[in-house]
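Okay, structure first, notes after.
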Amino acid sequence: MSRFFSLALLILLLQFNVDTAFAHSQDNEYHFTVKSGDSLSKYFTKLGLSKRLLANLLSASKKNQQLNQLKIGEKITIRLHTNRRFNSLSYQSKNKRDLNIALIGTRFVHAPKQSQKTETPLVTTPVVINSSFGYDAQKAGLSLNTINTVVEALSWQLNFDSDLYKNDKFLIVSDGSKQPVGIIYKGDNKHIEAFAHKDARGQTLYYNRYGYSLNSSFLKAPLKYNRISSTFQLKRYHPILKTYRPHRAIDYAAAHGTPVRSTADGIVKLQGWKGALGKAVIINHGAHYTTVYAHLSKYARNLRQGKPVKKGQVIGYVGSTGRSTGAHLHYELRYKGKRQNPLTHKTPEQQKVSRDELWEFRSKVNNILTGL
């Protein structure tokens with residue numbers, strides 16, 4: 001029995017020595033004062049953080065490399081999330097600038113100096129769906145400009161015609177400026193967040209809480225093809241009609257049954273027969289872009305009209321249905337209803353908040369979310 005108590009006492013003493021190597025100011029926040037032989041690697045190991053994480057932190061910025069040469073008496077604070085994953089680090093230096101580093105998503109960012117300006121009060125307008133978003137939003141007091149902004153911001157991920165159900169809820173957050181600073185949609189099957197951010201060029205877009213814009217980028221082509229059999233042109237001799245007509249699309253020659261993929265995230269507008277185009281799929285990408293995939297042999301099994309698709313998702317298979325002389329894909333790109341040349345038109349790319357602006361953006365997002 002005495003051996004058992006001696007062993008238990010030894011374990012407690014060892015645990016005490018480890019725990020007192022750093023002090024807690026609050027849960028999951030650990031303070032270190034650098035002593036002889038200490039290193040950031042040593043502190044990471046004590047907290048169960050990986051060497052790869054440390055290497056990524058040090059290589060994220062030249063400023064971070066000063067953490068390789070800690071001096072006695074300097075102070076390090078490391079904060080962890082409740083699941084023990086890395087949150088942020090603060091470094092108080094004797095001779096160099098202090099550092100405040102946070103991990104946001106997969107990016108390490110530096111905190112800006114604290115600003116003394118006061119935050120603008122936020123006003124949240126709830127919109128509960130009873131009839132339609134447009135009608136219910138006007139009833140809640142939102143302007144047409146704000147309504148259009150919300151629809152455009154969320155339309156990459158939400159079909160306002162088919163996805164909304166009674167009692168779904170929108171929270172429109174404003175700071176008094178023309179555009180909402182935050183848009184939250186809460187439905188039974190979807191939860192979408194969008195936060196406004198003006199970049200260094202003065203362009204305002206909506207991003208998710210991690211700093212990525214809600215729109216998708218586009219694939220260069222919707223399939224693996226053998227060759228382009230017909231280009232985008234205003235005057236082409238039609239092999240069946242025997243006359244010259246505009247061909248505002250790209251024809252990709254490919255083997256029968258070749259998988260055809262959606263070129264961007266979107267919502268299926270049409271899955272069905274489309275006259276001379278035969279079996280076709282039409283997809284809306286946000287408020288302004290539409291793609292058309294025609295002469296298909298068959299549709300993907302899980303494809304449904306009105307439902308979302310992801311960039312690169314198989315939507316059908318190459319065929320020769322409709323007015324066609326052989327197996328190929330007829331592909332159209334439309335911007336605001338007008339057909340564009342898919343090979344030359346500059347499609348939107350997914351944006352992300354710059355590293356220098358990410359901390360401030362995340363602070364605004366947290367302020368919006370805590371106020372709901």
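Before we move on, is THR146 under 23 Å from ALA287 (Cα atoms), hydroxyl-bearing (Ser, Thr, Tyr) and under 24 Å from the mean Cα position of the chain (by Cα)? Here the answer is yes, as THR146 does meet what is asked. Considering only segment 357-372, how many residues are open to solvent by 40 Å² or more (accessible area, probe 1.4 Å), within 23 Å of PHE108 (Cβ to Cβ) and touching a residue at least 60 places away in the same chain (Cβ under 8 Å)? Residues meeting the conditions: 7.
Based on what the data block shows, is ASN159 closer than 22 Å to PRO348 by Cα and without any contact (Cβ under 8 Å) to a residue 24 or more places away in the chain? Quick ask: steps written out before the conclusion?
Working: closer than 22 Å to PRO348 by Cα: yes; without any contact (Cβ under 8 Å) to a residue 24 or more places away in the chain: no.
No: the conditions fail for ASN159.
The residues in segment 310-328 that are within 16 Å of THR347 (Cβ to Cβ) and open to solvent by less than 50 Å² (accessible area, probe 1.4 Å) can be counted, and the count is 1.
Condition first: out of contact with any helix residue (DSSP H, G or I) (no Cβ under 7 Å at 6 or more places or on another chain), β-branched (Val, Ile, Thr) and over 25 Å from PHE170 (Cα atoms). Can you find one or more residues in segment 301-310 that meet it? It would help to see each step written out before you state the result.
Here is the first cut: in segment 301-310, the residues out of contact with any helix residue (DSSP H, G or I) (no Cβ under 7 Å at 6 or more places or on another chain) are 301-310.
From the residues that got through so far, the ones that are β-branched (Val, Ile, Thr) too are 309.
So of that shortlist, the ones also over 25 Å from PHE170 (Cα atoms) come out as none.
For segment 301-310, residues out of contact with any helix residue (DSSP H, G or I) (no Cβ under 7 Å at 6 or more places or on another chain), β-branched (Val, Ile, Thr) and over 25 Å from PHE170 (Cα atoms): absent.
Which ranges mark the strands (runs of 3 or more DSSP E) fully within segment 77-171 that have 1 or more residues being open to solvent by 20 Å² or more (accessible area, probe 1.4 Å) and under 16 Å from LYS186 (Cα atoms)? Break it down stepwise before answering.
Values: elements: 86-92, 99-104, 107-110, 123-128.
Filter on segment 77-171 gives 123-128.
So is THR258 open to solvent by 10 Å² or more (accessible area, probe 1.4 Å), of a type in the set (Ser, Thr, Tyr) and at pLDDT below 95 or not? Can you show your working first?
Numbers: open to solvent by 10 Å² or more (accessible area, probe 1.4 Å): yes; of a type in the set (Ser, Thr, Tyr): yes; at pLDDT below 95: no.
Taking the combined requirement at face value, the residue does not satisfy it.
For segment 330-367, residues that are over 18 Å from the mean Cα position of the chain (by Cα) and among the aliphatic types (A, V, I, L, M) total 2. Quick check on segment 335-356. Is at least one of its residues open to solvent by less than 40 Å² (accessible area, probe 1.4 Å), hydrophobic (A, V, I, L, M, F, W, C) and within 29 Å of LEU89 (Cβ to Cβ)? Within segment 335-356 (the criterion being open to solvent by less than 40 Å² (accessible area, probe 1.4 Å), hydrophobic (A, V, I, L, M, F, W, C) and within 29 Å of LEU89 (Cβ to Cβ)), the answer is yes, since at least one residue qualifies. Taken together, the residues in segment 172-183 that are out of contact with any Phe, Trp or Tyr (no Cβ under 6 Å at 6 or more places or on another chain) and crowded, with 20+ Cβ neighbours inside 10 Å amount to 5.
Could you list all residues from segment 86-113 that are closer than 11 Å to ILE76 by Cα and hydroxyl-bearing (Ser, Thr, Tyr)? SER88, SER90, TYR91, SER93 - these are the residues of segment 86-113 that are closer than 11 Å to ILE76 by Cα and hydroxyl-bearing (Ser, Thr, Tyr). Taking every residue in segment 227-246 that is over 15 Å from THR325 (Cβ atoms) and modelled with pLDDT of 65 or more and pairing it with any residue that is open to solvent by less than 60 Å² (accessible area, probe 1.4 Å) and of a type in the set (Lys, Arg), at least 6 positions away or on another chain, the pairs with Cβ-Cβ distances below 9 Å are PRO246/ARG236. Restricting segment 311-323 to residues that are part of a loop (DSSP other than H, G, I, E, B) and touching a residue at least 60 places away in the same chain (Cβ under 8 Å), the residue that is nearest to ALA264 (Cα to Cα) is LYS311. Filtering segment 187-203 to residues that are under 20 Å from the mean Cα position of the chain (by Cα) and either more than 23 Å from LEU144 (Cβ to Cβ) or open to solvent by less than 50 Å² (accessible area, probe 1.4 Å) (or both) leaves GLY187, ASN189, LYS190, HIS191, ILE192, GLU193, ALA194, PHE195, ALA196, HIS197, ASP199, ALA200.
The values are calculated or read from the model by the stated rules, or taken from the named source; none is laboratory data. Not measured: the values here are computed from a predicted model. Cβ coordinates were reconstructed from backbone atoms using ideal geometry, including for glycine residues, and neighbour counts include every protein chain displayed. The accessibility values were calculated without ligands, DNA or RNA, using every heavy atom of the protein model including side chains. Shrake-Rupley method; radii C 1.70, N 1.55, O 1.52, S 1.80 Å.
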